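Reviewing the structure listed below.
The values are calculated or read from the model by the stated rules, or taken from the named source; none is laboratory data. Remember, it's a predicted structure, so these values are computed and weren't measured experimentally. Reconstructed Cβ throughout: ideal geometry from the backbone, glycine too, with neighbour counts over all protein chains shown.
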Amino acid sequence: MIHPAWLPSEAFRAIGSRRVLVQGSGPLADTVRHEIAQACARFGGIVVPDRKTAELILSIAGPGGEGFRLGRRGGATVIRADGPPGLLNGLFEVVRRGERAFDPALADERHVPALARRMLDHWDNIDVHPVMGQVERGYSGGSLFWQDGRPRDLGRVRDYARLLAASGVNAVAINNVNVHTTETRLLTDRLTEVAALASTFRVYGIRVHLSVNFAAPVILGDLSTADPADEAVRAWWKSTTARVYEAVPDLGGYLVKADSEGQPGPFTYGRSHADGANMLAEALEPYGGVVHWRAFVYNHRQDWRDRSTDRARAAHDHFAGLDGAFRDNVILQVKHGPMDFQTREPISPALLGMPSTRLAVELQVTGEYTGQQRHVCYLPPMWSEVLRAVAGHVSGLAAVSNAGDDPFWTGHPLAQANLYAVGRLAWNPARDPIAILDEWIDLTFPGAAAELRDVLHDLMDESWQTYEQYTAPLGVGFMVRPGHHYGPDVDGYEYTPWGTYHFADRDGVGVDRTVATGTGFTAQYPPAWADRYESLATCPDELLLFFHHVPYGHVLHSGVTVIQHVYDTHFAGAHRVTAMRDRWQEAAGLVDPALHARVTERLDEQQRSADEWRDQINTYFYRKSGVPDAHGRPIH
Ligand code: GCW
């Protein structure tokens, strides 16, 4: 059985037991009608032909748009949508509110999304890749879209589209940004597969985007170059794109990872990333498509001995100088931190320093560095900090999906909350992430006993901070096992070409990124930020080792030394996992037994892993520094 996630049929009781009128035509209005008909069939409500006796009225009041008004008129709850997508969004707002949507005292409200494009990126391959598996960094089984090299049954895709629509997502990129040969052909002779997925997503107001290989004209054997200045290459992209739009008239556009981790790009031909992105943008422009061009461009073959190269600088170094050089339909997609989805990073300065470029911030729902959906790690508190910091700078959000063909969708059932919340936060970044968690609990566990709610809050509210406590300290990052990135390996990346170092020695630890004595990274920030990070006196504790190399005896703002902080947080973090594990046992009998068992099994692994992290990190720093734990706890 596939778990219904946040749309169990029970969530439709309030609507399905009423007299409902839907006004409007077109595919999205049909979807809304279908949802309501199903709910009414289940709960005894009725679809009515006019307003006279209606208790819920959904209508389209404008030509387009995703927003809607919600209010009460003449004894009915009324949704007046800006356009067809707004009708669907309005429906799900009523679902979320349940009976509260029918309160006679309901005040008028207007809802519009803060970010125009709220996209989930799938790192799905058609084939099973020998190292990465089918879904790169996927921890939820295989792809929802392909199986055994062929498209899957679209029923599950439809259910997924429905879940995403109910969370506020309006775009998906269907394939991995590392575009291998088979997947390159989605652009040409496998277009029907893209079209089928697009039709399925379309009825839920979601547009499909395609990851393309920059060297596609060469890989597909049509040309000997992919140089963006070459007329034949430009013509190839135009004619190929014309055929794409014949098959999928509303394709959202292309997503490109170029000159990054071995992917081809414009650098091969001595061209800039603006040249590369603009070529694709020109091909997409007649059809209203956009290029999401990723800013994740860095040297992954650096010499670890070379202290002048700082990977954190890469996005800003490569792109800030191109501000204003991109066509209007290019969206630069920038990872939220300057490194790579670590548990704690500052905001990428590229997001703050490109006022003349359309920007999307990229988040990772799949928890590559945050427990891989074996650990409870509710990420919205992190995302909320990110989105508040980049407000006014970005117009879109792209998040790497954590969904797969697992019966719980996300491997760890509680990781469904991350998938739900990313869309909700993109719609309204000002929302309290814990209130979003409550919303998810209400929908997913309708009628949840107050007891279950308390258990879930105890497990999830601070789970990101807990994860941070027992893993890499104070913003240092990358103390993970190379390759699969799960579990501790303090020096695993220290002498590699990946640019991910912590520089621990007998005296201290951390990366000096100051202007005064380090890599100068802090100067990439606007002045107020730069000053704050540059100075030890003002740099926040949680980012200290991201910006500074300090002695183990350095005293944090919290009053303890760095080394004692390492010990304290690691003991505390692993201890909190024990408490979480005990607490979850109190939920037995309150949730579906299969779900309870799955979470129990994951918590057992989380405990094992947290203990391992605690012991390896503590032991490593004890052996380096020779400083004992002030409280004499066991270190090896
Ligand atoms: O974090 C790294 C991952 C790669 C990924 C890359 C990226 C898709 O380890 O697996 O490749 O980021 O974002 O492109």
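With respect to R301, is the statement that it is within 16 Å of the ligand (Cβ to nearest atom) and part of a loop (DSSP other than H, G, I, E, B) true?
yes
Does segment 591-633 hold any residues that are basic (K, R) and assigned to a helix (DSSP H, G or I), and which are they?
Within segment 591-633, R598, R602, R608, R614, R623, K624 qualify.
Of the numbered conditions (1) over 24 Å from the mean Cα position of the chain (by Cα); (2) in contact (Cβ under 8 Å) with a residue 60 or more places away in the chain, G252 satisfies every one except a single condition; which is it?
The number of the failed condition is (1).
State which residue pairs qualify: first residue within 14 Å of E468 (Cβ to Cβ) and in the same structural domain as N170 (by TED's automatic domain parsing) and inside segment 371-397, second residue assigned to a loop (DSSP other than H, G, I, E, B) and among the hydrophobic types (A, V, I, L, M, F, W, C) in any location, beta carbons under 9 Å apart, and separation of 6 or more residues or different chains.
Qualifying pairs under 9 Å: G371/C377; L379/V365; E385/I347.
Pairs under 6 Å by beta carbon, first residue over 25 Å from M119 (Cα atoms) in segment 255-276, partner in a loop (DSSP other than H, G, I, E, B) and within 16 Å of the ligand (Cβ to nearest atom), six or more apart or different chains?
Short answer, once both residue conditions are applied: F267/D259.
Can you name the condition, by its number, that M382 falls short on among (1) touching a Cys at 6+ places or on another chain (Cβ under 8 Å); (2) within 16 Å of the ligand (Cβ to nearest atom)?
(1)
Answer with yes or no whether H111 is more than 14 Å from the ligand (Cβ to nearest atom), farther than 23 Å from V248 by Cβ and touching a residue at least 12 places away in the same chain (Cβ under 8 Å).
On the way: more than 14 Å from the ligand (Cβ to nearest atom): yes; farther than 23 Å from V248 by Cβ: yes; touching a residue at least 12 places away in the same chain (Cβ under 8 Å): yes.
Criteria met by H111.
Working only within segment 412-437, note down all residues that are crowded, with 24+ Cβ neighbours inside 10 Å and assigned to a loop (DSSP other than H, G, I, E, B).
H412, the sole residue that qualifies.
Among F326, F341, which is the only one that is at pLDDT 95 or above, of a type outside the set (K, R), in a loop (DSSP other than H, G, I, E, B) and within 12 Å of the ligand (Cβ to nearest atom)? Please lay out each step first, then the result.
On the way: F326 fails: within 12 Å of the ligand (Cβ to nearest atom).
Result of the check over F326, F341: F341.
Taking segment 526-568 on its own, how many of its residues are among the hydroxyl-bearing types (S, T, Y), in contact (Cβ under 8 Å) with a residue 24 or more places away in the chain and within 23 Å of M339 (Cα to Cα)?
Residues flagged as among the hydroxyl-bearing types (S, T, Y), in contact (Cβ under 8 Å) with a residue 24 or more places away in the chain and within 23 Å of M339 (Cα to Cα) within segment 526-568 amount to 1.
State the number of residues belonging to segment 258-273 that are away from the ligand (no atom under 16 Å from the Cβ) and among the charged types (D, E, K, R).
Looking only at that region, the number is 1.
Looking at segment 360-374, which of the residues that are within 11 Å of the ligand (Cβ to nearest atom) and in a loop (DSSP other than H, G, I, E, B) is surrounded by the most Cβ atoms within 10 Å (Cβ to Cβ)?
T366
Among the residues in segment 244-257, are any modelled with pLDDT of 95 or more, within 16 Å of the ligand (Cβ to nearest atom), part of a strand (DSSP E or B) and not hydroxyl-bearing (S, T, Y)?
The initial filter retains those residues of segment 244-257 that are modelled with pLDDT of 95 or more, namely 244-257.
In the following step, the residues that additionally are within 16 Å of the ligand (Cβ to nearest atom) were identified as 254-257.
Filter again for part of a strand (DSSP E or B), leaving 254-256.
Checking the rest, the ones that are also not hydroxyl-bearing (S, T, Y) come to 255-256.
So far as segment 244-257 goes, yes, one or more of its residues are modelled with pLDDT of 95 or more, within 16 Å of the ligand (Cβ to nearest atom), part of a strand (DSSP E or B) and not hydroxyl-bearing (S, T, Y).
With respect to H336, determine if the residue is within 14 Å of the ligand (Cβ to nearest atom), under 25 Å from D124 (Cα atoms) and either touching a residue at least 40 places away in the same chain (Cβ under 8 Å) or of a type in the set (A, V, I, L, M, F, W, C) (or both).
Working: within 14 Å of the ligand (Cβ to nearest atom): yes; under 25 Å from D124 (Cα atoms): yes; either touching a residue at least 40 places away in the same chain (Cβ under 8 Å) or of a type in the set (A, V, I, L, M, F, W, C) (or both): yes.
So H336 passes the test.
Looking only at segment 514-534, which residues are farther than 22 Å from I563 by Cβ and outside any helix (DSSP H, G or I)?
V515, A516, T519, G520, Y525, P526 - these are the residues of segment 514-534 that are farther than 22 Å from I563 by Cβ and outside any helix (DSSP H, G or I).
Of all residues in segment 159-177 being out of contact with any Phe, Trp or Tyr (no Cβ under 8 Å at 6 or more places or on another chain) and in a strand (DSSP E or B), which is nearest to F145 (Cα to Cα)?
Checking each candidate, the answer is A173.
Failed condition for V218, given (1) in a helix (DSSP H, G or I); (2) under 28 Å from R162 (Cβ atoms); (3) not aromatic (F, W, Y), with all others met?
(2)
From (1) within 16 Å of the ligand (Cβ to nearest atom); (2) not assigned by TED's automatic domain parsing to the domain that holds F201, pick out the condition that doesn't hold for R100.
(1)
Could you tell me whether E494 is out of contact with any Leu (no Cβ under 6 Å at 6 or more places or on another chain), over 30 Å from H596 (Cβ atoms) and either surrounded by fewer than 17 Cβ atoms within 10 Å (Cβ to Cβ) or outside the structural domain of E368 (by TED's automatic domain parsing) (or both)?
Yes: the conditions hold for E494.
Being more than 15 Å from F145 (Cβ to Cβ), crowded, with 18+ Cβ neighbours inside 10 Å and away from the ligand (no atom under 12 Å from the Cβ) is the filter here; which residues of segment 178-188 pass it?
Hits for segment 178-188 are T184, L187.
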